[in-house]
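The structure appears right after this line, and notes come after that.
The values are calculated or read from the model by the stated rules, or taken from the named source; none is laboratory data. Owing to the predicted nature of the structure, the values given are computational and were not obtained by experimental measurement. Note that each Cβ is placed from the backbone with ideal geometry, even for glycine, and that neighbours are counted across all protein chains shown. Quick note on the areas: whole protein, heavy atoms, side chains included, nothing else; ligands and nucleic acids left out. Shrake-Rupley method; radii C 1.70, N 1.55, O 1.52, S 1.80 Å.
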Amino acid sequence: MNIILIGPPGAGKGTQAKRMIDRLGVPQISTGDMFRAAVKEGTPMGLKAKEYMDKGALVPDEVVIGVVDERLKKDDCKKGYVLDGFPRSLDQAKALDEMLAKSGSKLDHVVVIDVPDDFLVSRLTGRLTCKNSACGNMHHIETYKPKVAGKCDKCGSDLYTRDDDKEETIRQRLTNYHKQTSPLIDYYGAKGIVRKVDGTGTMQQVEAAITQAIGA
Ligand code: AP5
Ligand code: ZN
């Protein structure tokens, strides 16, 4: 099953993607995670991506598209994937269509996690992200407190606050989402594959809504 998750920053794409891949047995492809790993390694691509991420801007399409094209060719994607954070612009969506056509596959569901802006700033300023990129678990200082302060429940690594989880940068990311990414909802709506879910409930409620929407 090939699935895209769309939603504003803080909607819970990463949180829900992790739950979905456990259920579906397919990989999570998160462009944000891939860029953060490249930043940590200090690769040229990571250094370029960081310039944009720190401002809350989108990394240029030509960089992102190349990274995803490479990733989707890997063997573990043959049984499907959950794309988290890609595509994020119409040009990225069109590039993905070409990748799918070349590999003779198609998208099954575009899950849109709907959360009003008012909820998102506090979700992101309170987010604590696991430093271990192989884990990538996200806690929250109020809604999902770690059992031991500053340590990830899943793997015990340190938790940190992402550089782009500052209020000013969050607002810029939200503006960009509405301008550049939300038009994708109509783009995929015209193909009849959009499944909108209410993302304002608890993590368990949102998970149940997604399970119902995609029938798996
Ligand atoms: P990326 O890492 O994709 O960030 P994002 O889209 O801004 O999304 P987030 O990771 O911030 O939020 P999320 O929806 O995953 O929410 P989460 O589950 O963590 O991208 C970062 C940057 O990389 C971009 O700004 C851009 O520069 C670049 N980039 C990435 N992809 C790109 C692309 N395709 N093109 C160009 N540039 C790209 O949840 C948030 C918090 O809320 C957590 O603390 C969580 O515990 C909590 N939470 C989750 N669900 C609930 C709930 N139901 N109730 C209460 N709390 C909840
Ligand atoms: Zn962890």
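Structural remarks
- With contacts taken as Cα pairs under 8 Å and at least 6 residues apart, the stretch 1-93 reaches a relative contact order of 49 percent.
- Taking the Cα centre of the stretch 96-143 as origin and assigning +1 to Lys and Arg Cβ atoms and -1 to Asp and Glu Cβ atoms, the resulting dipole is close to 300 debye.
- Over all other residues within a Cβ to Cβ distance under 15 Å of Val148, the charged ones net out to +3, with Lys and Arg as +1 and Asp and Glu as -1.
- For the stretch 27-141, the square roots a ≥ b ≥ c of the C-alpha gyration tensor eigenvalues yield an a/c of 1.5 or more together with a/b exceeding b/c, which makes the shape prolate.
- Largest to smallest accessible area among Thr161, Thr129, Thr200 [probe 1.4 Å]: Thr161, Thr200, Thr129
- Listed pairs Lys79/Lys151; Lys79/Lys196; Lys18/Lys50; Lys55/Lys151; Lys40/Lys179; Lys48/Lys102 exceeding 26 Å between Cα atoms: Lys79/Lys151; Lys55/Lys151; Lys40/Lys179; Lys48/Lys102
- Among the DSSP helices (H) of the chain, those spanning at least 18 angstrom by Cα along their long axis with an average Kyte-Doolittle hydropathy of -1.0 or more are 90-103; this is a geometric and hydropathy rule only.
- Cβ-placed point charges (K, R +1; D, E -1), dipole of the chain about Cα centre in debye, nearest 20: 460
- Low-density loop cleavage sites - GluC sites (Glu not before Pro) in the stretch 103-173, where at most 15 other Cβ are within 10 Å (DSSP): Glu142
- Distant-in-sequence amide H partners of Ile6 (H built 1.01 Å from N, under 5 Å): Val111, Val112, Ile113
- Of Cys155, Thr200, Pro183, farthest towards positive along the dipole that unit charges on Lys, Arg, Asp, Glu beta carbons give the chain: Cys155
- Listed as lacking a disulfide-compatible partner in the chain: Cys77, by the criterion of no other cysteine Cβ under 4.7 Å.
- Each Cα pair under 8 Å and six or more residues apart adds its sequence gap; the mean of these over the residue count of the chain is a relative contact order of 29 percent.
- Helical runs assigned H by DSSP (4 residues or longer) give the chain a calculated mean residue ellipticity at 222 nm of -13500 deg cm²/dmol, each run adding -39500 (n - 2.57) before division by the residue total.
- Considering only the chain, percent of DSSP beta bridges that pair antiparallel, nearest 5: 30
- Entry comment: accessible area of the stretch 64-216 is 54 Å² per residue, from protein heavy atoms only and a probe of 1.4 Å.
- Measuring between their Cα centroids, the stretch 80-100 and the stretch 132-201 lie 18 Å from each other.
- Cα lying deepest toward the dipole's positive end in the chain, options Ala216, Ala38, Gln16, charges on Cβ: Ala216
- The accessible-area ordering, largest first, of the residues Leu128, Leu83 stands as Leu128, Leu83, per a 1.4 angstrom probe.
- Protein accessible area in the chain, 1.4 Å probe - carbon and sulfur %: 52
- Each peptide in 205-216, 93-104 was scored by the mean count of other Cβ atoms within 10 Å over its residues; highest first, the order is 205-216, 93-104.
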